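> Here it is, the structure, as structure tokens.
The values are calculated or read from the model by the stated rules, or taken from the named source; none is laboratory data. All of these numbers come straight from a predicted model, not from anything done at the bench. Cβ coordinates were reconstructed from backbone atoms using ideal geometry, including for glycine residues, and neighbour counts include every protein chain displayed. Side chains are part of the model used for accessible areas, which takes the heavy atoms of the whole protein and leaves out ligands, DNA and RNA. Shrake-Rupley method; radii C 1.70, N 1.55, O 1.52, S 1.80 Å.
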Amino acid sequence: MIRGFFLLVLACVLAGCKSTPPPTPLNLLNAQQMRGHGVYQAHCVICHNDRKDAPLNGPSMVGVFKRQYLPSGAAATDERVSATILHGRNMMPAQGNMLDQQDLDDLLAYLHTL
């Protein structure tokens with residue numbers, strides 16, 4: 001009986017341990033990812049945390065591509081994230097007129113490190 005209870009508790013604990021790995025340290029980013037970090041600092045950091053998993057004005061971006069789905073329920077793909085960045089969604093304003101294609105590519109590269 002005690003063994004069964006222990007196994008049940010262990011199974012529940014292990015099932016709940018689905019934490020995402022921490023973001024890549026800034027000193028390990030390549031040149032494109034560092035440019036993306038700059039774009040993030042200029043356009044995203046006011047509403048989204050990138051180094052801690054806590055919401056700000058919008059959801060944290062920690063692990064955004066390490067999960068199957070975005071907070072909106074959409075698939076966590078470059079295409080869906082790009083569309084949200086460019087066209088906005090709900091409270092998030094569109095950034096399409098603020099970013100060129102290189103900025104977007106660099107930003108996506110950075111988001112993949114989170």
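> Which pairs turn up if I take residues in the stretch 75-96 that are touching a residue at least 40 places away in the same chain (Cβ under 8 Å) and look for partners that are assigned to a helix (DSSP H, G or I) with beta carbon separation below 8 Å, at least 6 apart in sequence or on another chain?
M92/T84; Q95/H43; Q95/I85; Q95/L86
> Further, regarding this structure: Please work out which residue is nearest to T24 (Cα to Cα), limiting yourself to the stretch 35-49 and to residues that are of a type in the set (V, I, T) and open to solvent by 30 Å² or more (accessible area, probe 1.4 Å).
Filtering the stretch 35-49 for residues of a type in the set (V, I, T) gives 39, 45-46.
With open to solvent by 30 Å² or more (accessible area, probe 1.4 Å) added as a condition, the list becomes 45-46.
Values: V45: 17, I46: 20 Å.
Result: V45.
> Taking the options Q102, Q95, Q68, Q32, name whichever one is of a type in the set (S, T, N, Q) and crowded, with 17+ Cβ neighbours inside 10 Å.
Working: Q102 fails: crowded, with 17+ Cβ neighbours inside 10 Å; Q68 fails: crowded, with 17+ Cβ neighbours inside 10 Å; Q32 fails: crowded, with 17+ Cβ neighbours inside 10 Å.
Exactly one residue qualifies, and that residue is Q95.
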